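Taking it in order: structure first as structure tokens, then the write-up.
No lab work stands behind these numbers, since they all come straight from the coordinates. A quick note: this is a predicted structure, and the numbers were derived from the prediction, not measured. Cβ placement follows ideal geometry from the backbone for every residue including glycine, while neighbour counts extend to all protein chains displayed.
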Amino acid sequence: MAKPLKHIFVCTQSRGPGHPRGSCSQSGCGEVLDEFMFEFQKRNLGEKFRLTMTGCLGPCNGPHVLVYPEGVMYGPVLKEDVAAIVDEHLLGDVPVARLCVPPEIWG
Ligand code: FES
């Protein structure tokens, strides 16, 4: 197995109705994950990059996506934003500033 150039984690955390933190599942992460999978398949990205579903990444008002090795967190991400993350960050190596979480998220 080749070491991926970047690893993309898509939060698919679910929480029960009325939970005060909400969840990325309630915010539509399924569409975002599907779009990443579509882009990966369409552009044959699976040999260079790894896509993984993950539990809560912290902020919760997602959907949130975390890209390593840079440790760049995006959110909220819409299905329509996925192509920009692929084009600009994965392939272009420049994070998409307009989609990044506010810096105070990291404390
Ligand atoms: S539920 Fe996705 S970041 Fe917390």
Between a first residue in segment 19-42 that is touching a residue at least 40 places away in the same chain (Cβ under 8 Å) and a second residue that is surrounded by 15 or more Cβ atoms within 10 Å (Cβ to Cβ) and among the acidic types (D, E), which pairs have beta carbons less than 9 Å apart while being 6 or more apart in sequence or on different chains? V32/D81; E35/D81
For the list (1) over 12 Å from the mean Cα position of the chain (by Cα); (2) more than 21 Å from L5 (Cα to Cα); (3) exposed (fewer than 14 other Cβ atoms within 10 Å of the Cβ), I need the number of the one condition that A97 fails. (2)
Just give me the residues in segment 31-53 being surrounded by fewer than 17 Cβ atoms within 10 Å (Cβ to Cβ) and within 12 Å of the ligand (Cβ to nearest atom), in sequence order. M53
Can you list residue pairs whose Cβ atoms sit under 7 Å apart, with the first residue in segment 1-18 being without any contact (Cβ under 8 Å) to a residue 40 or more places away in the chain and the second being of a type in the set (S, T, Y) and surrounded by 15 or more Cβ atoms within 10 Å (Cβ to Cβ)? Count only pairs 6 or more apart in sequence or on different chains. S14/S23; S14/S25; R15/S23
Can you tell me which residue in segment 54-74 is farthest from the chain's Cα centre (by Cα), limited to those that are without any contact (Cβ under 8 Å) to a residue 40 or more places away in the chain and within 14 Å of the ligand (Cβ to nearest atom)? N61
Kindly indicate whether any position in segment 43-50 is of a type in the set (K, R) and free of Cβ contacts under 8 Å to residues at least 12 places away in the same chain. no
